[in-house]
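*Asks:* A single structure is presented below for examination.
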Amino acid sequence: MKIICIGRNYSDHAKEMNSPIPEEPLFFMKPDTALFRDTNLYYPEFTKELHHEIELVVKISKVGKHIAVANAHKYYDEIGLGIDFTARDIQKTCKEKGLPWEKAKAFDNSAVISHQFIAKDLLDLGNIHFSLSKNDATIQIGNSADMIFSIDELISHISKFITLKTGDLIYTGTPEGVGPVKIGDKLTGFLNEKALFSINIK
Ligand code: MG
């Protein structure tokens, strides 16, 4: 399986990063070794600025290529929640030098994923509320209504370039409010007020 992540899919997050609003979806990838489903996550030694990015995650349910926007809904059944952990200090250096982002984005355990996914038929896809709390204080709030590109548009765009396969995950971008975590923090992700994962930074 593969993990495809969307960058700058919420305009308020693009603003906080001083990045332009994209004219088409921006995506990058993480390897399967980035997936983290455990409880205790060890702070990586190579960064001093580990940032949380809470994101809705789409699980692909069928192989597809060149998927039309109108057909994209047939290619996923469930939505989960994850964190696209980012070594922001390394990403800054990569951006300044025009280098790829993998060192900052694709490292081991950088893709937190909920055990539970919610059937899309139980959700209003245009109004999914989600949030991240740190030590019981809410630090990021998002709603799928604020996505620049909808889930169906993302699937259509990605599949022009890359064949999507069953089990692939699409991290659909983070809303504003990204920030640092430190050892001792407890992070909990909520989808429509339901806690879907909780991790401790060790
Ligand atoms: Mg992200």
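*Asks:* Quick one: in the range 7-18, which of the residues that are of a type in the set (S, T, N, Q) and open to solvent by less than 50 Å² (accessible area, probe 1.4 Å) is farthest from the ligand (Cβ to nearest atom)? It would help to see each step written out before you state the result.
*Replies:* Here is the first cut: in the range 7-18, the ones of a type in the set (S, T, N, Q) are 9, 11, 18.
Filter again for open to solvent by less than 50 Å² (accessible area, probe 1.4 Å), leaving 9, 11.
Working: ASN9: 8, SER11: 14 Å.
Ranking the qualifying residues of the range 7-18, first place goes to SER11.
*Asks:* Look at the range 37-53 and say how many of its residues are crowded, with 19+ Cβ neighbours inside 10 Å, out of contact with any Ser or Thr (no Cβ under 7 Å at 6 or more places or on another chain) and closer than 25 Å to HIS129 by Cβ. Walk me through how you get there before you give the answer.
*Replies:* Going residue by residue through the range 37-53, those that are crowded, with 19+ Cβ neighbours inside 10 Å are 41, 47, 50-53.
Filter again for out of contact with any Ser or Thr (no Cβ under 7 Å at 6 or more places or on another chain), leaving 41, 47, 50, 52.
Next cut, closer than 25 Å to HIS129 by Cβ only: 41, 52.
Counting residues in the range 37-53 that are crowded, with 19+ Cβ neighbours inside 10 Å, out of contact with any Ser or Thr (no Cβ under 7 Å at 6 or more places or on another chain) and closer than 25 Å to HIS129 by Cβ gives 2.
*Asks:* Considering only residues of the range 68-89 that are crowded, with 22+ Cβ neighbours inside 10 Å and of a type in the set (A, V, I, L, M), which is nearest to GLU45 (Cα to Cα)?
*Replies:* Across the range 68-89, the extreme among qualifying residues is ALA87.
*Asks:* Another one. Could you list, ordered by first residue, the pairs with Cβ atoms under 6 Å in which the first is in the range 154-169 and among the hydroxyl-bearing types (Ser, Thr, Tyr) and the second is part of a helix (DSSP H, G or I), at least 6 apart or interchain?
*Replies:* Filtered contacts from the range 154-169: SER156/VAL69; SER156/ALA72.
*Asks:* Something else now. Any residue at all in the range 25-35 that is open to solvent by 10 Å² or more (accessible area, probe 1.4 Å), free of Cβ contacts under 8 Å to residues at least 60 places away in the same chain and within 16 Å of the ligand (Cβ to nearest atom)?
*Replies:* Yes, because at least one residue in the range 25-35 is open to solvent by 10 Å² or more (accessible area, probe 1.4 Å), free of Cβ contacts under 8 Å to residues at least 60 places away in the same chain and within 16 Å of the ligand (Cβ to nearest atom).
*Asks:* Does ILE4 qualify as being more than 10 Å from the ligand (Cβ to nearest atom), modelled with pLDDT of 95 or more, open to solvent by less than 50 Å² (accessible area, probe 1.4 Å) and not basic (Lys, Arg)?
*Replies:* In short, yes.
*Asks:* Of all residues being open to solvent by less than 30 Å² (accessible area, probe 1.4 Å) and among the small types (Gly, Ala, Ser) in the range 143-202, which is nearest to LEU50 (Cα to Cα)? Just the residue, please.
*Replies:* Of everything passing the filter in the range 143-202, GLY179 is nearest to LEU50 (Cα to Cα).
*Asks:* In this structure, does ASP146 turn out to be out of contact with any Asp or Glu (no Cβ under 9 Å at 6 or more places or on another chain) and acidic (Asp, Glu)?
*Replies:* Working: out of contact with any Asp or Glu (no Cβ under 9 Å at 6 or more places or on another chain): no; acidic (Asp, Glu): yes.
When the stated conditions are applied, ASP146 does not pass them.
*Asks:* Consider LYS97 carefully, then state whether it is over 16 Å from ILE155 (Cα atoms), open to solvent by 20 Å² or more (accessible area, probe 1.4 Å) and within 16 Å of the ligand (Cβ to nearest atom). Steps first, answer last, please.
*Replies:* Working: over 16 Å from ILE155 (Cα atoms): yes; open to solvent by 20 Å² or more (accessible area, probe 1.4 Å): yes; within 16 Å of the ligand (Cβ to nearest atom): no.
The answer is no for LYS97.
*Asks:* Considering only residues that are within 13 Å of the ligand (Cβ to nearest atom) and acidic (Asp, Glu), which ones fall in the range 154-189?
*Replies:* Matches in the range 154-189: GLU176 only.
*Asks:* Right, something else. Quick one: LYS105 ticks every box in (1) loosely packed, with under 13 Cβ neighbours inside 10 Å; (2) within 26 Å of ILE183 (Cα to Cα) bar one, so which box is it?
*Replies:* In the conditions (1) loosely packed, with under 13 Cβ neighbours inside 10 Å; (2) within 26 Å of ILE183 (Cα to Cα), LYS105 misses (1) alone.
The values are calculated or read from the model by the stated rules, or taken from the named source; none is laboratory data. Since we're looking at a predicted model, the values are computed, not measured. As a convention, Cβ positions derive from the backbone with ideal geometry for all residues, glycine included, and neighbour counts pool all protein chains shown. Each accessible area value is taken on the protein alone, full model and side chains, heavy atoms only, with ligands, DNA and RNA left out. Shrake-Rupley method; radii C 1.70, N 1.55, O 1.52, S 1.80 Å.
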